[in-house]
């Protein structure tokens, strides 16, 4: 309890630093671009158009049979991008904070936390693109949209947990960065972003036949994306399995991330 | 009242003979049994106590662990053994401008660096004009730092770092930056910071300066405390290492000195 209190106090003291770091990243990202923050909206929008065209013409059947494929697709893209950007930038956060933490004392978790927060800010901006796509395609607005905060919030915690663990690992082995890129690419195809797993042919591994819709349940991202779709696109609200799986994955990821990070953090300064 | 307590602190560094920065290299080395670390103690069993209002000096030759000790006290390094307790707010004037982002303007950097040092934006708002006036760079406030000269960056950094009056001031050498006129201002500012009951921990190679300013002195040699006690006594012993060189340095530093308040 005493320790928790000390942590909270420490965090409270450095909340402005967190704010300022996010502000800095934001300014630097859009400095010298004419459209500035509009890109946060325009970029996913254009990506969405490209993918919708690709999947409904080149790969003929992928888009068919899915209700409002554009919205279905952009939700997957936005949430996956958040996870990808959050973990990817948190991973290098300790390395780029080297000049700072070698000179002054700052609680180290601030840096991965800041990167994931910044990714969230970007994600929130890009939800404008989601709204635009919904308006253009005439998607229905359901009251359950208010529940969308739950998959988003738990995804944030999940991303933070993974980001903390990756940040710690990267300090000691830079290889992690390269491996993670490959891993997220695989994950991208395996998160039901542009297809409905129910429609896919079963996977054949040796003599065993696995249906994708069974296997994909072991991918936490699938649950966050599906949960978000359920509230925003389908208007069905969250099922119990969505609630507890999203929550549990977030808690486990955060616990593991904090554990790894805390055990290693005193050694960071000697390795960067 | 004790302000800084350093109890039996040791700081060990593993100096790997080669750095393994990739998994493959690491495993190869581990398999071949080549993972050797040379243990190096930068500090060994160092204890010191600084009371409120005291000026405590740390002396020693290069590589004796002075800067490591300051970093342990300011929290950058966590000691391998022993512990450090600091009561009250602490301002480390060890390296200026931590967290400066060259792509941001001076105005933005003042806020960023201020919050790195643990100041609140409100406090920085209040002191903003004072910081800018001190650095004499008002007309360049909205220019990115990358377009500044190094002297100008140092001015801004010094102005922010010394804006609060801390309970404990930790300084690696008496800082003064910029041209000779600005150095005069820096020294004036340092004198202000150190006056009126501030506790000061000072590392300096200028033995004359330490002798004049400090009450107590710790002499480090190869990471161990060689001698600790009254300033005059310790400094005399230290200077006895090479009396001639000490005398020359003292004569030189007398030309421009900072008097203890």
Kindly state which helices (runs of 4 or more DSSP H) lie completely within region B:143-224 and contain at least 3 residues that are without any contact (Cβ under 8 Å) to a residue 24 or more places away in the chain.
-> B:180-194
So which of B:84, B:132, B:116 is farther than 18 Å from residue B:176 by Cα and either out of contact with any helix residue (DSSP H, G or I) (no Cβ under 7 Å at 6 or more places or on another chain) or modelled with pLDDT of 90 or more (or both)?
-> B:84
Is it the case that some residue within region B:180-200 is more than 21 Å from residue B:158 (Cβ to Cβ) and at pLDDT 85 or above?
-> no
Only one of (1) buried (at least 17 other Cβ atoms within 10 Å of the Cβ); (2) out of contact with any helix residue (DSSP H, G or I) (no Cβ under 7 Å at 6 or more places or on another chain) does not apply to residue B:177, and that is (2)
Within the set of pairs 6+ apart or on separate chains, which have a first residue in region B:99-127 that is within 7 Å of another protein chain (Cβ to nearest Cβ) and farther than 16 Å from residue A:10 by Cα, a second that is modelled with pLDDT under 90 and part of a loop (DSSP other than H, G, I, E, B), and C-beta atoms under 6 Å apart?
-> B:112/B:99
Checked region B:62-77 for anything more than 16 Å from residue B:44 (Cβ to Cβ), in a loop (DSSP other than H, G, I, E, B) and at the interface with another protein chain (Cβ under 10 Å from one of its Cβ atoms); matches are B:75, B:76
Of (1) modelled with pLDDT under 90; (2) more than 28 Å from residue A:191 (Cα to Cα); (3) under 24 Å from the mean Cα position of the chain (by Cα); (4) crowded, with 20+ Cβ neighbours inside 10 Å, residue A:51 satisfies all except one. Which?
-> (2)
Please state which one of A:118, A:125 is modelled with pLDDT under 95 and over 20 Å from residue A:176 (Cα atoms).
-> A:125
Would you mind stating whether residue B:81 is more than 9 Å from chain A (Cβ to nearest Cβ), in contact (Cβ under 8 Å) with a residue 12 or more places away in the chain and within 25 Å of residue A:94 (Cβ to Cβ)?
-> yes
Among the residues of region B:1-46 satisfying the criterion of being surrounded by 15 or more Cβ atoms within 10 Å (Cβ to Cβ) and part of a loop (DSSP other than H, G, I, E, B), which is modelled with the highest pLDDT?
-> B:20
Listed residues A:118, A:111, A:69, A:125; which is surrounded by fewer than 19 Cβ atoms within 10 Å (Cβ to Cβ) and under 23 Å from the mean Cα position of the chain (by Cα)?
-> A:125
Restricting to region A:8-26, what's the tally of residues that are closer than 30 Å to residue B:105 by Cβ and either in contact (Cβ under 8 Å) with a residue 24 or more places away in the chain or exposed (fewer than 15 other Cβ atoms within 10 Å of the Cβ) (or both)?
-> 12
Determine which single condition residue B:58 fails, assuming it passes every other condition in (1) over 15 Å from the mean Cα position of the chain (by Cα); (2) not in a loop (DSSP other than H, G, I, E, B).
-> (1)
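Please return the ranges of helices (runs of 4 or more DSSP H) entirely within region A:11-112 where 1 or more residues are within 14 Å of chain B (Cβ to nearest Cβ).
The helices (runs of 4 or more DSSP H) meeting that bar are A:15-30, A:93-96, A:98-101.
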Expected output for region B:240-261 (first residue more than 19 Å from residue B:227 (Cβ to Cβ), partner at pLDDT 70 or above and exposed (fewer than 13 other Cβ atoms within 10 Å of the Cβ), Cβ below 9 Å, 6+ apart or cross-chain) is B:261/B:195; B:261/B:196
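The values are calculated or read from the model by the stated rules, or taken from the named source; none is laboratory data. For clarity, every value in this text was computed on a predicted model and none was experimentally measured. As a convention, Cβ positions derive from the backbone with ideal geometry for all residues, glycine included, and neighbour counts pool all protein chains shown.
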